[in-house]
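The values are calculated or read from the model by the stated rules, or taken from the named source; none is laboratory data. Every value quoted in this text rests on a predicted model; they were computed, and no experiment measured them. Here the Cβ positions follow ideal geometry from the backbone for every residue, glycine too, while neighbour counts run over all protein chains shown. Each accessible area value is taken on the protein alone, full model and side chains, heavy atoms only, with ligands, DNA and RNA left out. Shrake-Rupley method; radii C 1.70, N 1.55, O 1.52, S 1.80 Å.
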Amino acid sequence: MSTSTTRSRLQQKKNQRRKARKKRAQRNLFILLCTAAVVIASVLGIRGGLKLSRQVKYPVQYSGYIVRYAKENDLDPYLVIAVIKQESNFVADARSPYAGGLMQLTEETAMEYAAKMGLEYYNYMDPETNIKIGCFVLRTLINRYGVVNTALAAYNAGAGNVDKWLSDPNCSSDGITLTYIPFTETRNYVDKINYYMEEYKNHAEF
């Protein structure tokens, strides 16, 4: 066998090994890219899932109405959001045995405060109207009692009950702040409103 033939075969083997290494490198790169893509997709999926989870847990709907009527009544919009979350969880047609709408107004309360607001024709179950009247009710109660938690207790249990509690030294030491709320439902209601306010401030965007 000639020297030139031997060199030719050696060169061919070198070329074959070079091609094989190149193919392995390409295959490994492809696997690496696929793995990276899966990891990135997983991370984005988790983040997206967390964001969706927060949106479901802390829904914010009707934000335009909330901001508008909170501003008109000098209220913290997060307070209004928390009340709606607790009262109806943003279900516009939610009804209880005595109240309805986003902020769960009774028909009598809606009628009373609509008259004070000069509303002649209204549907208190309409989302905008419900928020509009509800914010006015909250502002009126805050003005009356001077303490947000006391106003929230009145929103839930009625002003008559709150007036009795404020005059009871077992419930209030100063006639302004409630140190004890006899109704478990109302006590839990006030606690939940404050909890939701903080959660919305930390998680919600509107």
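Within segment 146-173, can you find the residues that are closer than 21 Å to residue 81 by Cα and either more than 25 Å from the chain's Cα centre (by Cα) or of a type outside the set (Gly, Ala, Ser) (or both)?
146, 147, 148, 149, 150, 152, 155, 156, 158
Scanning for something of a type in the set (Asp, Glu), at pLDDT 95 or above and open to solvent by 60 Å² or more (accessible area, probe 1.4 Å), does segment 80-88 turn up at least one residue? Outline the logic, then answer.
Going through segment 80-88, the residues of a type in the set (Asp, Glu) turn out to be 87.
Checking the rest, the ones that are also at pLDDT 95 or above come to 87.
With open to solvent by 60 Å² or more (accessible area, probe 1.4 Å) added as a condition, the list becomes none.
So far as segment 80-88 goes, no, none of its residues is of a type in the set (Asp, Glu), at pLDDT 95 or above and open to solvent by 60 Å² or more (accessible area, probe 1.4 Å).
If you take the residues of segment 163-206 that are surrounded by 14 or more Cβ atoms within 10 Å (Cβ to Cβ) and β-branched (Val, Ile, Thr), which of them is nearest to residue 77 (Cα to Cα)?
My answer is 193.
Give the residue that is farthest from residue 203 (Cα to Cα), with candidates limited to residues of segment 55-98 that are small (Gly, Ala, Ser) and over 12 Å from the mean Cα position of the chain (by Cα).
96
Quick check on my filter: what residues within segment 110-125 are open to solvent by 50 Å² or more (accessible area, probe 1.4 Å) and either part of a loop (DSSP other than H, G, I, E, B) or at positive phi (or both)?
118, 120, 121, 122, 123
In segment 62-108, what residues are small (Gly, Ala, Ser), touching a residue at least 24 places away in the same chain (Cβ under 8 Å) and assigned to a loop (DSSP other than H, G, I, E, B)? Reasoning before the result, please.
Applying the first criterion (small (Gly, Ala, Ser)) to segment 62-108 yields 63-64, 70, 82, 88, 92, 94, 96, 99-101.
If we keep only those that are touching a residue at least 24 places away in the same chain (Cβ under 8 Å) too, we end up with 63, 70, 82, 92, 100-101.
If the condition is that a residue be small (Gly, Ala, Ser), touching a residue at least 24 places away in the same chain (Cβ under 8 Å) and assigned to a loop (DSSP other than H, G, I, E, B), then 92, 101 are the ones that fit.
Please count how many residues of segment 186-206 are touching a helix residue (DSSP H, G or I) at 6+ places or on another chain (Cβ under 7 Å) and not aliphatic (A, V, I, L, M).
Matching residues across segment 186-206 total 8.
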